[in-house]
Amino acid sequence: MKILMVEDDISVSQMMELFFKKEGWDQDPAYDGEEAIAKFKANPDAYDIITLDLNLPKKDGIQVAREIREISETVPIIMLTARDSESDQVLGLGIGADDYVTKPFSPLALIARIKALHRRVMLEETPKKEAATDFDLETKHIKISKSRREVYFDDTRIEGLTPKEFELLYTMAQKPKQVFSREQLLELIWGYEYFGEERTVDAHIKKLRQKLEKYGPQIIQTVWGVGYKFDDSQVKI
């Protein structure tokens, strides 16, 4: 695994590099936002995961994440931030980061997050023998293939879903009309004990809805005070 490690604090960068080397991972450090963008643009397919500090010189982590997402909608991003502002965390997740870790953090905890995220991405990308017309899940208007990572709204393919958005849609669509609490979605989608706020789910649901609305009526509904549910049974095109 190769990691683009974006961190302006030299001591933190050296500490992370030491632990990554113990795992046998390659790391490519960048010490400011402009350097990070330049390295990613030069070879977007070179990196398996990006660890991205939020408070960077030249371009901050939010700007970097936004520009990276314009190049790649799927490369996993873990944001590292000393800020404890919920709005910063939700903003970072809302523009496409997959996870965040608040400083100071345990290197072992960060490694566990990286492994969990990388494992899910690899499982999602594992090819299977499957006919192009086969889908793992079909509802009234939605068809989903996990092995091909394809989602169709009726006959139109939905483009640009991040791994988390794909998993959120697939998880809820498996049980139409069932209400999922934020805690349930954190456990099911993130797959480990999550120390962040439940607003993480809200940020990803918001982006998922924005993408779905390009293809038809809204099928992710809010159940106030409880959580969210998938229901396309009453949708009319």
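What to note about this one:
- Any pair with Cβ under 7 angstrom, 6 or more apart, that starts in the range 21-34 at a residue that is closer than 17 Å to residue 10 by Cα and ends at one that is of a type in the set (Ser, Thr, Tyr): 29/13
- Scanning the range 38-53 for residues that are in contact (Cβ under 8 Å) with a residue 40 or more places away in the chain and not in a strand (DSSP E or B) yields a total of 3.
- Candidates are the residues of the range 133-166 that are free of Cβ contacts under 8 Å to residues at least 40 places away in the same chain and of a type in the set (Val, Ile, Thr); the one that is most open to solvent (accessible area, probe 1.4 Å) is 133.
- Subset of the range 24-42 [loosely packed, with under 12 Cβ neighbours inside 10 Å and either over 21 Å from residue 63 (Cα atoms) or at pLDDT below 90 (or both)]: 24
- Test result for residue 35, touching a Lys or Arg at 6+ places or on another chain (Cβ under 9 Å), assigned to a helix (DSSP H, G or I) and over 20 Å from residue 164 (Cα atoms): yes
- One residue from 140, 177, 214 being of a type in the set (Lys, Arg), under 19 Å from residue 96 (Cβ atoms) and modelled with pLDDT of 85 or more: 214
- For first residues located in the range 167-181 and free of Cβ contacts under 8 Å to residues at least 40 places away in the same chain, partners that are open to solvent by 30 Å² or more (accessible area, probe 1.4 Å) and lie 6+ apart or on another chain with Cβ distances below 7 Å form the pairs 170/146; 171/188.
- Selection of the range 43-55 for residues being within 19 Å of residue 20 (Cβ to Cβ) and open to solvent by 10 Å² or more (accessible area, probe 1.4 Å) yields 43, 46, 47, 48.
The values are calculated or read from the model by the stated rules, or taken from the named source; none is laboratory data. Bear in mind that the values here come from a model prediction, so they are computed numbers and not experimental data. Cβ coordinates were reconstructed from backbone atoms using ideal geometry, including for glycine residues, and neighbour counts include every protein chain displayed. Note: areas computed on protein heavy atoms with side chains; ligands, DNA, RNA excluded. Shrake-Rupley method; radii C 1.70, N 1.55, O 1.52, S 1.80 Å.
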